[in-house]
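Every number in this text was worked out from the coordinates using simple rules, so none of it is lab data. These numbers come from a predicted model, not from an experiment. All Cβ positions, even for glycine, are placed from backbone atoms using ideal geometry, and neighbour counts span all protein chains on display.
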Amino acid sequence: MIDQLYRKAVLTVAERKPVENLVRARGWGLAQRFVAGENIPSALKAVKELQAEGILGNLDLLGEFIESPEQCNQFAQNVLDLLDAAHAEGIIPYVSIKLSSVGQGKTVGGEDLGLTNARRIVGKARGYGGFVCLDMEDHPRVDQTLAQFRQLTGEFGGQHVGTVLQSYLYRTEADRDSLGDLRPNLRIVKGAYLEPETVAFMDKADVDAAYRRLVYAHLGAGSYTNVATHDESIIHDVKHFVLAHGISKDAFEFQMLYGIRRDLQKSLAQEGYRVRAYIPYGRDWYAYFSRRIAETPRNAMFVVRGMLKG
Ligand code: FDA
């Protein structure tokens, strides 16, 4: 409950225009801890630096205010350009996209534009042996995202597309069961949006318990599992679970956000676990940056100290 109140307070303040203007003007230096840069070369540079430490990358082009179909198509084109650039640099592309950024919910030519654009992106990624993860957004989008994931898996195969389930939603364990026939590649997260108690657990203990159940069920089913958390106690328990059940290190990976718990990312990679960092980049970094601050007061202190210094 306290977590929810803190998150709500930060996100409410962050939405205020004067706060945004101040942070945009003075905060880029601070945001660089969480955002790899504003363009493709800086994003690919971050991937290579992490690779040198044995950590894989998952690139995410940030986008805000993508409203019109033209803007959605342009955003999709920017992701396609990223795939080309990664391939040209010898990197097997692994990207995440938000279907809302590429047109989900807008019908163009008799089809949902999000699906049309995701098809272009997954098709190109497959051509390069790459992978596209469909990020999960707020709860009204879950049904359509899962339906589009099913559709894309049917068209391109489960090796090239995955999606995300959020343990804070009551519905999520049933959603995982309903996808079982696909043996899907799923990223399990706790959930980052402000959701009402009609749809989501409010207590962290419930969210954490559901998180463990989801990861264990997915690993137990033999489906590829992306354990996306910085929660050391969960990571510890997952390590024990896989050992106890004879699950190979190839059957799952740990995922964390760029710039967060870099020490833990490195030590897991050194222990021989597959580790992937989610690397956001792009000019629209403000909303992403605000969500990271909303996750923990430690990050808010980091920003306040930095702004006072600056
Ligand atoms: P929790 O919030 O319980 O934190 C556990 C511990 O981790 C904290 O005590 C702290 O030490 C550390 N920690 C967590 N966040 C930190 C931060 N920002 N800075 C510093 N330390 C921090 N959400 C979503 O709704 N849809 C999505 O598609 C995704 N995708 C996604 C991909 C990847 C790779 C990750 C890691 C996360 C997401 N998320 C997401 C975000 C996710 O839902 C969640 O908000 C964050 O991961 C924070 O939750 P934790 O699981 O880390 O645990």
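In table form, for the structure just shown:
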quantity	calculated
Gain on full stretching of the segment that runs from SER248 to GLN32 - 0.36 nm per residue minus C-alpha separation	74.3 nm
Positive-end residue, the chain charge dipole about Cα centroid, Cβ charges, pick of VAL13, TRP28, GLY154	TRP28
Under-5 Å amide H pairs with LYS190, H placed in peptide plane, nonlocal only	SER167
In order through segment 123-136: 3J(HN,Hα) via Karplus (6.51 cos²θ - 1.76 cosθ + 1.60), integer Hz, x for Gly, Pro	x, 5, 4, 4, x, 9, x, x, 8, 10, 9, 8, 4, 9
Nonlocal amide H pairs with LEU59, under 5 Å, H built at 1.01 Å	TYR94, VAL95, SER96, ILE279
Surface/4 estimate of mean projected area, convex hull on alpha-carbon atoms of segment 169-310, nm²	10.3 nm²
Bridge type composition, the chain - antiparallel percent by DSSP, nearest 5	10 percent
Length released on extending from LEU80 to ARG16, taking residue separation times 0.36 nm less the Cα-Cα span	19.7 nm
Peptide ranges 179-185, 275-281 listed from the most packed, as the mean C-beta count within 10 angstrom indicates	275-281, 179-185
Long-range amide H partners of VAL161 with built H, under 5 Å	VAL132
Whole-number D in µm² s⁻¹ for segment 35-284, Kirkwood Cα-pair radius fed into Stokes-Einstein, 37 °C, 0.692 mPa s	178 µm²/s
Candidate lysines - alpha carbon under 29 Å from LYS239, same-chain residues fewer than 8 apart omitted	LYS48, LYS190, LYS204, LYS249, LYS266
Peptides 219-229, 234-244 ordered by average Cβ neighbours within 10 Å, highest first	219-229, 234-244
Structure-based [θ]222 nm, the chain - -39500 (n - 2.57) summed over DSSP H runs of at least 4, per residue, nearest 500	-16000 deg cm²/dmol
Point-to-point label distance, LYS8-GLU70, nm (Cα→Cβ direction, 7 Å offset)	4.0 nm
Residue-wise HN-Hα coupling along segment 215-232, computed from phi with Karplus coefficients 6.51, -1.76, 1.60 (Hz; x: Gly, Pro)	5, 5, 5, 6, 4, x, 7, x, 9, 5, 10, 9, 8, 9, 7, 9, 6, 5
Straight-distance crosslink candidates among lysines, where the alpha carbon sits under 25 Å from LYS17 and sequence neighbours closer than 8 are dropped	LYS8, LYS98, LYS309
Amide N proximity, segment 142-156 versus GLU111 label position 7 Å along Cα-to-Cβ, cut-off under 18 Å	144-156
Virtual spin-label span in nm between ALA209 and SER42, 7 Å along Cα→Cβ	4.4 nm
DSSP loop GluC sites (Glu not before Pro) with at most 11 other Cβ within 10 Å excluded, longest remaining stretch of the chain	68-196
Extension reserve of the LEU194-ASP237 stretch, reckoned as 0.36 nm per residue once the Cα distance is removed	12.8 nm
